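What follows draws every value from the coordinates through simple rules; no lab data is involved. Being a predicted model, the structure only gives us computed values, none of them experimental. Ideal geometry is used to build each Cβ from the backbone, glycine not excepted, and the neighbour counts take in all protein chains shown.
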Amino acid sequence: MDKLERKDIIEKVTTLLKEIPSSMDVVKEGGNRDARFRYLATHMVDKAIQKDALIVSENKQGIAILFKTSKKEESFWKDLWPELKLVANVTGIKNALNILKTQKYIKNQRPQEGEYLYCWFWGILKDFRGADTQVGKEMKDVFFRTAHDNELELYAETRGRTNAIVYQRVGFELFHEWDHPSGDTMYFLKYDPKNPRNKRP
């Protein structure tokens, strides 16, 4: 990936993050908030590139980050330095402590043993949205093909009821709901490639 393409993806992720409740919670108020969103987007895109987890639609209007991961891979020390930088540049200490609490609960809903796929981020620019649009369908097919090729369950969560409905319409199963501290409901979803009704795209 060249520098221009990386920069373009970071700008688009920055735009999308400003619409997502979870990132609105994470990025502290005041000062140059745009710069904080950009810092977070840069962190996410670079991590995705490093882990070969970045998915970009053909027309570049849809971006997702899909990790192959496990409970064992979560290393506190390995990620400490970038996390400290995020606290300094994005969240602030007060937010960071709240995030740690909610993240613990969220991670406990995912498999505690073995590998799985995790959709860390999925965003489509406003004019190209909807699971039935070309971009939505294309990205959904990539997710499900990856799940089938790896024979791994795919997990995602959202605080948007409409998003949760879209996820279920395309083949995800809602397996848990949680009263998030923000007052929103968080929906936990998974796609199981071993379920007979879920055919490889």
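Charging the Cβ of each Asp and Glu at -1 and of each Lys and Arg at +1, and nothing else, the dipole of the stretch 1-52 about its Cα centre rounds to 140 debye. A Cα-only calculation for the chain places Rg and Dmax at 16.5, 51 Å.
Beyond a 30 Å Cα-Cα separation, which of these cross-linked pairs lie in this structure: Lys18/Lys104; Lys101/Lys194; Lys12/Lys51; Lys7/Lys126? Spell out each step's value before the answer.
On the way: Lys18/Lys104 23 Å; Lys101/Lys194 32 Å; Lys12/Lys51 20 Å; Lys7/Lys126 19 Å.
Table pairs above 30 Å Cα-Cα are Lys101/Lys194.
Kindly work out what percent of the DSSP beta bridges joining two residues of the chain are antiparallel, to the nearest 5. If we restrict to bridges inside the chain, about 90 percent are antiparallel.
Scanning the chain for long hydrophobic helices, with DSSP H runs required to stretch 27 angstrom or more by C-alpha along their axis and to average at least 0.5 on the Kyte-Doolittle scale, returns nothing.
Rounded to the nearest 500 deg cm²/dmol, what is the calculated helix-only ellipticity per residue at 222 nm for the chain, with -39500 (n - 2.57) per DSSP H run of length n ≥ 4? Don't jump to the answer; show the numbers that get you there.
Numbers: 7 runs with 89 residues, N = 201.
Helices in the chain give a 222 nm mean residue ellipticity of -14000 deg cm²/dmol.
If you run the Gaussian network model on the chain, springs between alpha carbon atoms under 10 Å, then out of Thr185, Thr162, Thr15 the most flexible one is Thr162. Our summary gives the chain a relative contact order of 19 percent, counting only alpha carbon pairs under 8 angstrom and 6 or more residues apart. GNM remark for the chain: springs join alpha carbons under 10 Å apart, and the peak mean-square fluctuation among Asp127, Asp25, Asp184 falls on Asp127.
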